[in-house]
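> I'd like to ask you about the structure that follows.
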Amino acid sequence: MSTSLGQARIFLFSVDLEDVRTMIPDGERYVERVPANVERYLELLERRGQRTTFFTVGDTARRYPELIREIADAGHELACHSSEHVPLDRQDANSLREDLLRNRDDLVRAGADEVVGFRAPIFSLTERSAWAHEVLAELGFLYSSSVIPTRNLLHGWDGFGAHCRRMQSGIWEIPVSVTGFLGRRIPFAGGFYFRLFPLAILRPLFRRQGPAPVVGYFHPYDIDVEQERFMHPELGGNRALNALMYLNRSRVLGRLENLIGQGLSVLPYAEFVAKYLEDDVSQDAAAES
Ligand SMILES: [Zn+2]
């Protein structure tokens, strides 16, 4: 990868901003927790002087326009995470096109500047839904961060490879970071494994990624110790898996702050693409001419 990237240790931390309650039957009876949890991410980022990307569900932006405005005013990037969190295997090109236009509209109406990024719900961009890149290109998006490059319980694009790639449509795909673990490749910079692994394991994993960025994902619920217990969506009603959704939530923010404090820079994905990926392409082109 690029020489410029070799100097930096980049953590593409991000928040997938969504309200799980809207994805389960009768979810509204549970306590509203999204704004309080987002505030805690915002405080951490402000304390550390860092900006990041909030991949935001359109429905959530409509519910919390003031929160979206606050995120934008603090200099963070707002990007799409679909209108209602419907995974790509339940969409086609037409429905995705409409979905993204609505999602982008909702973000802009709530105060976002320019919306150029997308993350598929539950990383549902795989070989089978790679058509989504074409739709994104057609709508003027710059990048997607929607692939887990391994076989995964829900989704996953096993042969994608670990590095950022410019797809044929011109869209950059920024896959989530994975590492080898017990003969499998697992995403460690977010979700279950980030909650499971202590810092003694996470720190070397983060270091070992260089010069590639560490690409991670966090949700409001990942840090929530006050939310009631309920069955999460997309787990097929599996109680053991659901129990893991609540594992070590109290440790996540402290670990994040510790890792950021080890000299990692966090930056919005769109800035990463412009500064490190696009810049590299122009350098390569210049070298060839
Ligand atoms: Zn999501």
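The values are calculated or read from the model by the stated rules, or taken from the named source; none is laboratory data. Keep in mind that this is a model prediction, so the values were computed, not measured. Backbone-built Cβ (ideal geometry, glycine too); neighbour counts: all protein chains shown. Accessible surface is based on the protein model in full, side chains and every heavy atom, while ligands, DNA and RNA are left aside. Shrake-Rupley method; radii C 1.70, N 1.55, O 1.52, S 1.80 Å.
> Could you tell me the relative contact order of the chain? Use alpha-carbon pairs under 8 Å, at least six residues apart, and round to a whole percent. It would help to have the intermediate numbers written out before the result.
Details: 501 pairs, mean separation 71.1, N = 289.
Averaging sequence separation for qualifying contacts and normalising by length gives 25 percent for the chain.
> Counting only helical runs of four or more DSSP H residues, what would the 222 nm mean residue ellipticity of the chain come to if each run contributes -39,500 (n - 2.57) and the total is spread over all its residues? Mind dumping the intermediate values first?
On the way: 12 runs with 106 residues, N = 289.
Dividing the helical sum by the residues of the chain leaves -10500 deg cm²/dmol.
> For region 3-288, rounded, prolate or oblate, judged on the Cα gyration tensor with a ≥ b ≥ c (square roots of eigenvalues), a/c < 1.5 rounded, else prolate if a/b > b/c? Can you show the working numbers first?
Values: a/c = 1.29, a/b = 1.13, b/c = 1.15.
Taking the square roots of the gyration eigenvalues as a ≥ b ≥ c, region 3-288 is rounded.
> Also, quick follow-up: Select from region 9-67 those GluC sites (Glu not before Pro) which occupy a DSSP coil region and have at most 14 other Cβ atoms within 10 Å, ordered by residue number.
Values: sites: 18, 28, 32, 39, 43, 46, 66; in loops: 18, 32.
Those satisfying the criteria are 32.
> What part of the accessible area of the chain, given as a whole %, is carbon or sulfur when the probe is 1.4 angstrom? Don't skip to the end; give the middle numbers.
Working: 6160 of 12720 Å².
Roughly 48 percent of what the probe reaches on the chain is carbon or sulfur.
> Mind running the shape call on region 44-137? Use the C-alpha gyration tensor, a ≥ b ≥ c as the square roots of the eigenvalues: rounded below 1.5 for a/c, prolate if a/b tops b/c, oblate otherwise. Don't jump to the answer; show the numbers that get you there.
Values: a/c = 2.35, a/b = 1.76, b/c = 1.34.
Cα axes put region 44-137 in the prolate bin.
> Shifting gears a bit: Place a +1 charge on the Cβ of each Lys and Arg in region 3-288 and a -1 charge on the Cβ of each Asp and Glu, then give the dipole magnitude about the Cα centre in debye, rounded to the nearest 20. Could the numbers behind the result be given before it?
Values: 33 positive and 40 negative charges, 271 e Å.
Roughly 1300 debye, rounded to the nearest 20.
> Filter the trypsin sites (Lys or Arg not before Pro) in region 175-251 down to the DSSP loop ones having no more than 13 other Cβ atoms within 10 Å, then list what survives.
Answer in residue order: 229.
> When only C-alpha pairs under 8 Å and at least 6 residues apart count, what is the relative contact order of region 75-206, in percent?
Numbers: 216 pairs, mean separation 24.2, N = 132.
Computed value for region 75-206: 18 percent relative contact order.
> What is the spin-label model distance, in nm, from residue 28 to residue 279 if the labels are put 7 Å beyond Cα along the C-beta direction?
4.8 nm
> Still on this structure, please answer the following. For region 3-288, with every protein chain kept in place, what is the accessible area per residue (1.4 Å probe, Å²)? Kindly include the intermediate steps, with their values, before the conclusion.
Working: 12480 Å² over 286 residues.
Ligands and nucleic acids excluded, the figure is 44 Å² per residue.
> Right, another one. Using 0.36 nm per residue, how much length does the chain from residue 243 to residue 69 gain when fully extended, once their Cα-Cα distance is taken away? Before the final figure, lay out the partial values.
Values: separation 174, 0.36 × 174 = 62.64 nm, distance 3.36 nm.
Residue separation times 0.36 nm, minus the Cα-Cα distance, leaves 59.3 nm.
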